[in-house]
Structure formats: C-alpha cells, structure tokens
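So the structure is just underneath, and the comments pick up after that.
The values are calculated or read from the model by the stated rules, or taken from the named source; none is laboratory data. Because the structure is a prediction, the values reported are computed rather than measured. Heads up, the Cβs are rebuilt from the backbone with ideal geometry, glycines too, and the neighbour counts pull from every protein chain shown.
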C-alpha cells in the first residue's frame, strides 16, 4: 500500500500543484509542504480538514550587546561628542554623522585606547 499525504488546498490554486525538489528536499507547492523524496502526484490528496504539523521554531538566542563609548572634544573648546561602537557599528552624536564625514569616529577608530 502506498502512503498518501493530505494537505489543505491552496486559497488561490485549489488542488493544482507541483512537486518541487530544491537543495535535496522535496516539497508540494504552492505552500512548500515537505514530503519525502520519491513522492508521486498519486500520493498527494487535498482536504479542507487537513491539519499541517507546526514547525517548532527555536527561540532566538539573545544577542550580547558589546558597547564601547568615548567622549571626544569638538573643535570648539568645551564641547564634547560621544562616539559609540555597538556590535561593530560606529556612531557619533555630532551633526556631521548624517553626512558620514565624522572625523571623531576616524580618530577614535585610529586610536581606540585613548
């Protein structure tokens, strides 16, 4: 006896389908329903009552934020801007950052221990 696979009909295409093989996996499309390799069209059945197994999605791992910051003096004495590096992305509180021409980031990147 041949095993059959029951899937819900597609909202647009109904029971029109294709068996697709991509990267060593076999699917019934539309819907990308996984089926074993070698599945034939005769083994596919449609039912509005078909329940699909929910894929368990692993919980995302929390991303550890690596933040470093430096206070860098402006060309105007007494005015400071904060240069930050968060997870490898540099930023600055100066207005020049909008133009991607912040010299403070360049200086901090060149001399990170100062």
Give all pairs with beta carbons closer than 9 Å in which a residue from region 88-110 that is under 14 Å from residue 74 (Cβ atoms) meets a residue that is modelled with pLDDT under 65 and part of a loop (DSSP other than H, G, I, E, B); count only pairs at least 6 apart in sequence or on separate chains. 107/114; 108/114
If you scan region 74-93, which residues turn out to be within 11 Å of residue 103 (Cα to Cα) and surrounded by fewer than 13 Cβ atoms within 10 Å (Cβ to Cβ)? 74, 75
Can you tell me how many residues within region 1-21 are over 28 Å from the mean Cα position of the chain (by Cα) and assigned to a strand (DSSP E or B)? 3
